[in-house]
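Engineer: Pasting in a structure now, in structure tokens, and then I'll have a few things to ask.
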Amino acid sequence: MTRAVSKRSPGNKEVQLLKDYLAKNRLKLTQQRQTILEAFLKVDHITAEELYRQISGNDRPHMGLATIYRTLNLLCNIGIGQQRHFDDNRTIYDNVLNKKHHDHLICDKCNKIIEFESPAIERLQEQMAARHGFTLSSHRLELFGHCIDWENCRDWQRSAGR
Ligand SMILES: [Zn+2]
Ligand SMILES: [Zn+2]
């Protein structure tokens with residue numbers, strides 16, 4: 001499997017956020033943590049296992065899955081990442097650094113995740129809450145189904161050997 005490896009390093013802002021947080025917790029910005037941050041900033045959503053496979057496939061010094069989990073959780077504490085639980089089995093880390101609130105459509109077949117934001121839906125939710133004498137502090141809207149366009153469903157592409 002080939003993968004384009006971009007040489008873009010994480011922006012100073014992200015590195016600084018991570019450094020500050022680590023310093024506060026008496027931790028250092030190690031090469032491993034920086035590598036994980038770099039890889040994470042290139043994706044939209046990823047599991048720790050997927051990130052692990054990506055990093056270990058890149059001739060990088062070997063690092064344990066536990067290190068990846070711990071670092072991803074650090075990124076969540078800083079606000080660069082957010083944990084999502086679209087099913088019972090996996091924790092997906094959402095790269096939310098430059099994203100506002102959004103909701104998700106999830107393909108049951110290929111696990112593709114589409115992000116959307118609808119002011120109309122947001123308003124309806126507020127109205128529904130108000131109607132029931134309720135104030136919303138947050139919400140999660142996750143819609144499950146599958147890609148209509150089979151040719152663009154990665155499950156189809158996998159089974160077709162593409
Ligand atoms: Zn998302
Ligand atoms: Zn799909």
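The values are calculated or read from the model by the stated rules, or taken from the named source; none is laboratory data. Source: prediction; values computed, not measured. Virtual Cβ from ideal backbone geometry, glycine too; neighbours counted across all protein chains shown. Areas reflect the complete protein model, heavy atoms only, side chains present, ligands, DNA and RNA absent. Shrake-Rupley method; radii C 1.70, N 1.55, O 1.52, S 1.80 Å.
Engineer: How would MET128, MET63 rank on accessible area, largest to smallest, probe 1.4 Å? Present the calculation step by step, with values, prior to reporting the outcome.
Structural biologist: Values: MET128 80, MET63 10 Å².
If we order MET128, MET63 from most to least accessible, we get MET128, MET63.
Engineer: Next up: Between rounded, prolate and oblate, where does the chain land on the alpha carbon gyration tensor, with a ≥ b ≥ c its root eigenvalues, rounded for a/c under 1.5, else prolate if a/b exceeds b/c?
Structural biologist: oblate
Engineer: Net charge within 10 Å of GLU117 by Cβ-Cβ distance, Lys/Arg positive one each and Asp/Glu negative one each, not counting GLU117 itself? Could the numbers behind the result be given before it?
Structural biologist: On the way: positive: LYS99, LYS100; negative: ASP103, GLU115, GLU122.
That sum, taken over residues with Cβ under 10 Å, equals -1.
Engineer: Using a 1.4 angstrom probe and counting only protein chains, how large is the accessible area of ARG90 in Å², to 10?
Structural biologist: 70 Å²
Engineer: Sorted by accessible area (1.4 Å probe), largest first, how do THR30, THR71 line up?
Structural biologist: On the way: THR30 55, THR71 5 Å².
Descending order: THR30, THR71.
Engineer: Which one, LEU22, ASN152, LEU65, projects farthest toward the positive side of the charge dipole computed for the chain from Cβ point charges (K/R +1, D/E -1)?
Structural biologist: Toward the positive end, the furthest listed residue is LEU22.
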